[in-house]
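Take a look at the structure below.
The values are calculated or read from the model by the stated rules, or taken from the named source; none is laboratory data. Predicted model only: the values in this text are computed from it and were never measured. Here the Cβ positions follow ideal geometry from the backbone for every residue, glycine too, while neighbour counts run over all protein chains shown.
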Amino acid sequence: MIFKNYLKLIRFDNYVKNILILLPAFFQPQLLVNYYQDLIILFVVFSLVSSVGYVVNDLADKESDMLHPQKKTRPIASGAIQISNAYFILILLIISVIFFSYFLGFDKVNIIYLYLALNLIYTFFLKNIAIFDVCILSIFYTLRIVLGAIIINTELSVWLISFSYLFFLNLSSIKRLLDINQNNTYNENNKTVYKNYSNSNLKLLKILIPIFFICSLAVLLVYIVSYNQIFENKLYGLIFLLIIFFWNLRIIKKAYNNDISCDPISYILKDKFTYFYCSIGIILISFFYIF
């Protein structure tokens with residue numbers, strides 16, 4: 001039980017998000033084979049750096065987390081892990097990051113430290129700025145993909161970076177909407193709905209979610225039709241776009257209907273339709289390389 005609390009503290013279950021690092025190599029299998037060792041080390045380093053950010057965040061937000069219906073169960077807020085022990089884990093994580101960075105090469109992990117610095121700035125200064133906070137969250141996701149491309153020495157087109165940012169801007173906005181929905185202190189008579197989100201900010205967020213979604217698909221469509229460097233057969237690319245469309249549309253619908261009561265990442269990982277659409281995507285990529 002104690003070990004489980006520490007895994008919860010470092011958000012071990014969130015490490016799955018770092019699979020995004022492998023995305024650039026996923027479309028280039030030969031590079032995945034050539035750089036698999038560096039990619040594995042990068043995954044470990046980035047996961048540890050992410051945990052540093054999570055622990056710092058929980059230490060900084062202890063008081064507010066204690067008043068939140070879901071976050072009050074976090075190890076620090078609930079008292080399951082003492083503050084002194086949390087600082088010990090934080091120091092241990094930092095030492096581990098430096099250790100594994102040595103094997104990868106410090107010149108290759110500069111952007112990871114940029115991520116950590118941005119994460120800390122977000123935690124202490126930017127996370128309570130309505131709407132702007134989701135813009136920063138989407139940068140965190142996009143940096144994972146950029147890191148993966150740097151490690152395998154390949155370039156990402158401005159179109160794919162733009163798609164990634166807009167797509168994760170959509171998902172980050174959905175996450176914030178779910179945070180608001182999960183907050184049972186919601187009261188329409190109050191000016192503040194969640195953190196610094198007012199009712200007008202909430203309405204704006206609901207408008208922006210589909211806009212970000214449509215813009216991301218529009219960018220991907222232009223890339224597939226005019227600048228495609230991944231799918232030799234554009235039909236495969238269009239099918240890939242449709243997979244993303246139907247999957248994300250379902251998540252948006254459930255978020256708007258308040259049908260998701262847990263963390264969105266946890267929901268996505270447990271959602272059978274996520275695996276259904278992923279299976280279609282994997283089959284699609286397999287056919288692309290076979291035929």
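Kindly establish whether Ala149 is free of Cβ contacts under 8 Å to residues at least 12 places away in the same chain, within 18 Å of the chain's Cα centre (by Cα) and under 30 Å from Leu31 (Cα atoms).
no
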Exclusive hit being over 22 Å from the mean Cα position of the chain (by Cα), under 21 Å from Phe12 (Cβ atoms) and either of a type in the set (Val, Ile, Thr) or surrounded by 12 or more Cβ atoms within 10 Å (Cβ to Cβ) (or both), set Ile76, Ile94: Ile76
Return the only residue of Leu202, Leu217 being in contact with a strand residue (DSSP E or B) (Cβ under 7 Å, 6 or more places away or on another chain), at negative phi, modelled with pLDDT of 80 or more and in a helix (DSSP H, G or I). Leu202
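Is it the case that Leu160 is under 17 Å from Ile211 (Cβ atoms), surrounded by 14 or more Cβ atoms within 10 Å (Cβ to Cβ) and in contact (Cβ under 8 Å) with a residue 40 or more places away in the chain?
Working: under 17 Å from Ile211 (Cβ atoms): no; surrounded by 14 or more Cβ atoms within 10 Å (Cβ to Cβ): yes; in contact (Cβ under 8 Å) with a residue 40 or more places away in the chain: yes.
Criteria not met by Leu160.
For every residue, the table says whether it meets (1) at pLDDT 80 or above; (2) among the small types (Gly, Ala, Ser); (3) in a helix (DSSP H, G or I); (4) farther than 20 Å from Leu217 by Cβ.
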{"position": "Ile239", "(1), (2), (3), (4)": "yes, no, yes, no"}
{"position": "Arg250", "(1), (2), (3), (4)": "yes, no, yes, no"}
{"position": "Ser261", "(1), (2), (3), (4)": "no, yes, no, yes"}
{"position": "Ser266", "(1), (2), (3), (4)": "no, yes, yes, yes"}
{"position": "Leu269", "(1), (2), (3), (4)": "no, no, yes, yes"}
{"position": "Phe273", "(1), (2), (3), (4)": "yes, no, yes, no"}
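A quick yes/no check of all residues on (1) over 27 Å from Phe167 (Cβ atoms); (2) acidic (Asp, Glu); (3) out of contact with any Ser or Thr (no Cβ under 8 Å at 6 or more places or on another chain):
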residue	(1), (2), (3)
Asn18	no, no, no
Ser47	no, no, yes
Leu59	yes, no, yes
Ala80	yes, no, yes
Ile98	yes, no, yes
Suppose the filter is of a type in the set (Ser, Thr, Tyr), farther than 30 Å from Ile180 by Cβ and without any contact (Cβ under 8 Å) to a residue 12 or more places away in the chain; does Tyr87 pass it? no
Can you find, within segment 196-236, the residue that is surrounded by the most Cβ atoms within 10 Å (Cβ to Cβ) among those that are closer than 20 Å to Asn181 by Cα and basic (Lys, Arg)? Lys206
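Can Leu147 be described as in contact with a Leu (Cβ under 7 Å, 6 or more places away or on another chain), of a type in the set (A, V, I, L, M), crowded, with 19+ Cβ neighbours inside 10 Å and assigned to a helix (DSSP H, G or I)? Don't jump to the end; show me each part of the working.
Values: in contact with a Leu (Cβ under 7 Å, 6 or more places away or on another chain): yes; of a type in the set (A, V, I, L, M): yes; crowded, with 19+ Cβ neighbours inside 10 Å: yes; assigned to a helix (DSSP H, G or I): yes.
It is true that Leu147 is in contact with a Leu (Cβ under 7 Å, 6 or more places away or on another chain), of a type in the set (A, V, I, L, M), crowded, with 19+ Cβ neighbours inside 10 Å and assigned to a helix (DSSP H, G or I).
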If Asn228 meets every condition in (1) assigned to a helix (DSSP H, G or I); (2) over 30 Å from Phe132 (Cβ atoms); (3) free of Cβ contacts under 8 Å to residues at least 40 places away in the same chain apart from one, which number is that one? (1)
Subset of segment 1-49 [part of a helix (DSSP H, G or I), buried (at least 16 other Cβ atoms within 10 Å of the Cβ) and of a type in the set (Lys, Arg)]: Lys8, Lys17
Would you call Leu143 without any contact (Cβ under 8 Å) to a residue 60 or more places away in the chain and assigned by TED's automatic domain parsing to the domain that holds Asp58? no
Against the condition exposed (fewer than 14 other Cβ atoms within 10 Å of the Cβ) and touching a Leu at 6+ places or on another chain (Cβ under 9 Å), how does Tyr87 come out, does it pass? yes
Which of the numbered conditions does Tyr141 fail, given that it passes all the others? Conditions: (1) over 17 Å from Ser216 (Cβ atoms); (2) surrounded by fewer than 20 Cβ atoms within 10 Å (Cβ to Cβ). (1)
